[in-house]
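J.: Below are the structure tokens for one structure; questions will follow.
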Amino acid sequence: MAAPSAAMAVFAGMGWIGLTAMMAVSLIAFVRLFFGALQRGRDSFFPAAAAACVLFALVQSFAGPGLLRPAAILCLSVIVGLGLSQSVSQSSSR
């Protein structure tokens, strides 16, 4: 029998530690992307969109098992990777 949601599947597989780790990693990624978008100023589209996708995925993980599919995992990974790569400015003052 399939789990009713992605969060419950993580909980069934790894317990409270796994569920807490999943939520912590998602919130850390959200905060990093959000502040990266604020830092970028007018070029903040990709980090802001990725932050919104991470927040949506965190909420959606409690709603249904759709995030357990390989296509959803791949799309979310690409979105977060693109957002993180665009959240760092390429100015010469490093």
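J.: Would the chain count as rounded, prolate or oblate if I go by the C-alpha gyration tensor, calling it rounded below 1.5 in a/c and otherwise prolate when a/b exceeds b/c, oblate otherwise? Please list the in-between numbers first.
T.: Values: a/c = 2.97, a/b = 2.29, b/c = 1.30.
Because a/c hits 1.5 or more and a/b exceeds b/c, the chain counts as prolate.
J.: Computing the accessible area with a 1.4 Å probe over protein heavy atoms, can you report the carbon and sulfur percentage for the chain? Walk me through the intermediate numbers first.
T.: Numbers: 4680 of 6450 Å².
Within the chain, the accessible surface is 72 percent carbon and sulfur.
J.: For the chain, with a Gaussian network of springs between Cα atoms less than 10 Å apart, report the residue from Ala50, Ala72, Ala29 with the top mean-square fluctuation.
T.: Ala72
J.: In whole angstrom, note down how far apart the Cα centers of segment 50-86 and segment 1-26 are.
T.: 15
J.: Please work out, to two decimal places, the log10 of the ratio I(q)/I(0) at q = 0.14, 0.24, 0.26 Å⁻¹ from a Debye calculation in which every Cα of segment 37-86 carries one identical scatterer.
T.: With no solvent term, the Cα-only Debye profile gives -0.37, -0.84, -0.92.
J.: What residues have an amide H closer than 5 Å to that of Ser5, excluding those fewer than 5 places away on the same chain, when H is modeled at 1.01 Å from N in the peptide plane?
T.: Distant-sequence amide H within range of Ser5: zero hits.
J.: Could you state the accessible area per residue of the chain in Å², with a 1.4 Å probe and every protein chain left in place?
T.: Accessible area per residue: 69 Å².
J.: For segment 23-62, what value does the Rg/Rh ratio take when both radii are computed over Cα atoms and Rh is the Kirkwood radius, given to two decimals?
T.: Details: Rg = 10.1 Å, Rh = 10.0 Å.
Radius of gyration over Kirkwood radius for segment 23-62 works out to 1.01.
J.: Which helices, counted as full DSSP H runs in the chain, have an axial Cα extent of no less than 18 Å and a Kyte-Doolittle average of 1.6 or above?
T.: Numbers: long enough: 6-40 (39 Å, 1.53); 45-60 (22 Å, 2.04); 70-86 (24 Å, 1.84).
The qualifying helices are 45-60, 70-86.
The values are calculated or read from the model by the stated rules, or taken from the named source; none is laboratory data. From a predicted model like this one, the values you see are computed outputs, not experimental measurements. Protein only, heavy atoms only, side chains kept; ligands, DNA and RNA dropped before computing areas. Shrake-Rupley method; radii C 1.70, N 1.55, O 1.52, S 1.80 Å.
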